[in-house]
Amino acid sequence: MNLQSDDFELFGVPRRFAQDRDALDARWKDLQREAHPDRFAAQGAAAQRVAMQWSVRINEAYQRLKDPLKRAAYLCELGGSPIRAEDNTAMPAAFLMQQMEWREALDEARSAAELDALDDTTHMARQVALARCAELLDQHQDYAGAAREVRALMFIARFAHDIDSRREQLGQ
């Protein structure tokens, strides 16, 4: 293992968006077993510190690889198109209009059924955006296009959180 390897190399999986979650989970467990600091107790404190660094590195990689949004953002970064969500919020007009409609619907929602319908709509939009990410990344290697989809997915994720907050406000 090499600390400088990217997450995909570290896990021994192809550098692509589509991943087998069960395989990632199994590989994470194997890597954690290999790097567990207790395995290096007889080799002294320095070896245990290195093992701890490996354990942290493995966990960070696993968190990125197992989450589709984080994985897509990571692939964009590796492909030379960082997300830069903090300073690049430009979105297509149609997407912004959709966001405004969703916000209005959320503000007007008074029942669990209305929130459920809005939740279903955003869930479908998320699935469509993830499918577009998969196509842009795995088939076209269009990292800039995928970065736009990732930024849209970030908006959708925040909105889904807002739906949950609204549910709590309404006591549902």
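For the reader, a short list of remarks on this structure follows.
- Residue in the range 107-129 that is among the aliphatic types (A, V, I, L, M), crowded, with 19+ Cβ neighbours inside 10 Å and not in a helix (DSSP H, G or I) present: yes
- Scanning the range 53-73 for residues that are in a helix (DSSP H, G or I) and out of contact with any Phe, Trp or Tyr (no Cβ under 9 Å at 6 or more places or on another chain) turns up Q53, W54, S55, V56, R57, E60, Q63, L69, K70, A73.
- Take the conditions (1) aliphatic (A, V, I, L, M); (2) part of a helix (DSSP H, G or I); (3) modelled with pLDDT of 95 or more; L96 misses just one of them, which is (3).
- Residue check, E86 without any contact (Cβ under 8 Å) to a residue 12 or more places away in the chain, under 20 Å from the mean Cα position of the chain (by Cα) and in a loop (DSSP other than H, G, I, E, B): yes
- On the stretch given as the range 19-30, residues that are surrounded by 12 or more Cβ atoms within 10 Å (Cβ to Cβ) and either assigned to a loop (DSSP other than H, G, I, E, B) or not assigned by TED's automatic domain parsing to the domain that holds S55 (or both) total 1.
- Filtered by the rule that a residue be within 30 Å of A129 (Cα to Cα) and β-branched (V, I, T), the range 21-80 gives a lone residue, I58.
- Any hit, the range 59-78, residues being outside the structural domain of L130 (by TED's automatic domain parsing), loosely packed, with under 12 Cβ neighbours inside 10 Å and either free of Cβ contacts under 8 Å to residues at least 60 places away in the same chain or touching a His at 6+ places or on another chain (Cβ under 9 Å) (or both): no
- Residues of the range 104-128 that are in contact (Cβ under 8 Å) with a residue 12 or more places away in the chain and of a type in the set (D, E, K, R): R110, D119, R126.
The values are calculated or read from the model by the stated rules, or taken from the named source; none is laboratory data. Since the model is a prediction, treat every value here as computed from it, not as a measurement. Neighbour counts are summed over all protein chains in view; Cβ atoms, including those assigned to glycine, are modelled from backbone coordinates with ideal geometry.
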